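For reference, the structure discussed in these notes is given below.
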Amino acid sequence: MEANIELDDLIREVQRKLGRNVLLFQQIEQILKWMLTHQDVKVWRNKEGFKTNLDERKKSLSKATMGQIAKDFIGNSFSLSEDSCSDEKDCEVNTNYIRLTLGPIICDEDFYNKRKTELEALITERNDLIHHFLPRWDFDELESVREAETYLDEQRDRVFPEYEFLKSLIENSQEDRKQLIDYLSSDEGRKDVILSTLRGSHHLFGLINYANTKQRNDGWAVLDAAQSFIRQNYDENCLIYELTWIKKNYQCKTLKEIANKSEFFEIREEPTDKGGVRVLYRVKPGLEFDIR
C-alpha cells in the first residue's frame with residue numbers, strides 16, 4: 001500500500017513538472033513570436049487615427065511551426081555583418097507611414113553559431129517532450145517514474161538559460177518600444193509620421209542627392225537645376241503619380257514648396273544678371289543622409 005502511495009505521489013509530481021516544462025516551451029514560443037512580430041512594423045495615419053500592421057504579422061505567424069519560427073528568428077535577429085539591410089525601392093505612395101524595425105544584433109561568428117545551436121537544441125528538446133515523453137516511461141514502475149522526474153528536471157536546467165536570454169531580449173525590446181511610443185505620442189513624433197511619405201519620396205531623394213553632389217563652392221545648390229536632375233534620373237510616370245499624391249495630401253504644387261514642407265532644407269533667393277531671381281537651397285546643418 002505504501003509503495004502505491006509513493007508511486008501515486010511521484011506520478012503527480014511528474015505531471016506537475018511535465019506541465020512546468022511544457023509551459024516553459026510555450027513561453028519561449030511566445031517570446032519568439034513577439035520578437036518576429038515587432039521586427040518590422042509599419043505605422044500609418046488615416047481618418048480613423050494611427051494604424052499598424054501588427055495584426056497582419058501576428059496572423060502570418062499563428063500557423064507557423066516552432067521550427068520555422070526559430071529559424072526565422074535566428075535569420076532576422078542576428079547578423080555577422082553590419083551591411084544587413086537590403087535597399088528597397090518602392091514607387092507606390094498611397095499612405096502616410098513610418099517603418100519601424102528592430103535588429104538585427106550584430107555579432108561575431110561564435111556568438112551566432114552558439115545562438116543557432118542553442119535554439120536548435122531547444123527545438124529538439126521540445127519535440128522530444130511533446131511527442132516522445134509518455135511512451136518512454138513505465139508509469140507502473142517506481143524506478144521508471146523516478147527516471148522520468150530526473151529527465152524533466154535536467155531538461156528544465158538545460159532549457160531555462162535560453163529562456164532567460166530570450167526574455168532579456170524582449171525586455172530590452174519592450175523598453176525600446178516604450179521610448180518609441182513616447183516619441184510617436186509627442187508633437188515631434190506625430191509630425192514625423194505625417195511627413196514620412198513626403199520625406200521618403202523620389203522628389204526628396206533627388207533634392208538631397210543633388211544638394212550633396214552638385215552644390216556650388218559656397219555650399220548652395222540651384223533649385224531649377226535640381227528639378228532637371230530629378231526628371232533625368234527618376235521614372236517620369238512615377239514622378240507624375242507621386243506629385244499628384246503630394247499635391248493632394250500636402251498641398252505642395254512646386255519643388256520649392258516640397259523642399260520647404262519637408263523641413264530638411266534652407267532656402268533663399270539671389271538676383272541673376274538679367275534681373276531675375278534664382279532660388280537656392282541646401283541641406284540644413286546637422287542633417288546627414290545616406291542616399292543610395
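The values are calculated or read from the model by the stated rules, or taken from the named source; none is laboratory data. This is a predicted model, so every value here is computed, not measured. Cβ: placed from backbone, ideal geometry, glycine included. Neighbour counts: every protein chain shown.
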Filter pass, residue 211 being over 17 Å from residue 200 (Cα atoms), in contact with a strand residue (DSSP E or B) (Cβ under 7 Å, 6 or more places away or on another chain) and in contact (Cβ under 8 Å) with a residue 40 or more places away in the chain = no
task = For the stretch 105-126, name all the residues that are surrounded by 14 or more Cβ atoms within 10 Å (Cβ to Cβ) and either closer than 24 Å to residue 19 by Cβ or outside the structural domain of residue 32 (by TED's automatic domain parsing) (or both).
result = 118, 119, 122, 123, 125, 126
inquiry  = Take the residues in the stretch 23-44 that are within 21 Å of residue 169 (Cα to Cα) and aliphatic (A, V, I, L, M); name whichever of them is modelled with the lowest pLDDT.
reply    = 41
query = Just a yes or no: is a residue in the stretch 227-234 more than 30 Å from residue 180 (Cα to Cα), surrounded by 15 or more Cβ atoms within 10 Å (Cβ to Cβ) and more than 32 Å from the chain's Cα centre (by Cα)?
reply = yes
ask   = Restricting attention to the stretch 211-224, does a residue exist that is outside any loop (DSSP other than H, G, I, E, B) and under 23 Å from residue 42 (Cβ atoms)?
value = no
note = residue 14: passes all of (1) in a helix (DSSP H, G or I); (2) in contact with a helix residue (DSSP H, G or I) (Cβ under 9 Å, 6 or more places away or on another chain); (3) modelled with pLDDT under 90 but (3)
ask   = Which residue pairs have Cβ atoms under 8 Å apart, sit 6 or more places apart or on different chains, and have a first residue in the stretch 8-33 that is closer than 19 Å to residue 136 by Cα and touching a residue at least 24 places away in the same chain (Cβ under 8 Å) and a second that is among the β-branched types (Val, Ile, Thr) and loosely packed, with under 15 Cβ neighbours inside 10 Å?
value = 22/130
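For (1) at pLDDT below 80; (2) of a type in the set (S, T, N, Q); (3) surrounded by 14 or more Cβ atoms within 10 Å (Cβ to Cβ), each residue gets a yes or a no:
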{"position": "1", "(1), (2), (3)": "yes, no, no"}
{"position": "9", "(1), (2), (3)": "no, no, no"}
{"position": "46", "(1), (2), (3)": "yes, yes, no"}
{"position": "49", "(1), (2), (3)": "yes, no, no"}
{"position": "61", "(1), (2), (3)": "no, no, yes"}
request  = Tally the residues that are closer than 13 Å to residue 198 by Cα and either surrounded by fewer than 18 Cβ atoms within 10 Å (Cβ to Cβ) or more than 30 Å from the chain's Cα centre (by Cα) (or both), restricting the search to the stretch 257-280.
outcome  = 4
query = Could you count how many residues in the stretch 235-256 are under 33 Å from the mean Cα position of the chain (by Cα), of a type outside the set (A, V, I, L, M, F, W, C) and either in a helix (DSSP H, G or I) or buried (at least 18 other Cβ atoms within 10 Å of the Cβ) (or both)?
reply = 9
key: Flag if residue 164 is surrounded by 12 or more Cβ atoms within 10 Å (Cβ to Cβ) and within 30 Å of residue 68 (Cα to Cα)   = no
Given (1) of a type outside the set (S, T, N, Q); (2) buried (at least 18 other Cβ atoms within 10 Å of the Cβ); (3) over 30 Å from residue 34 (Cα atoms), index of the condition residue 195 fails = (3)
request  = Check off (1) at pLDDT below 80; (2) surrounded by 13 or more Cβ atoms within 10 Å (Cβ to Cβ) for residue 57 and give me the number that stays unchecked.
outcome  = (1)
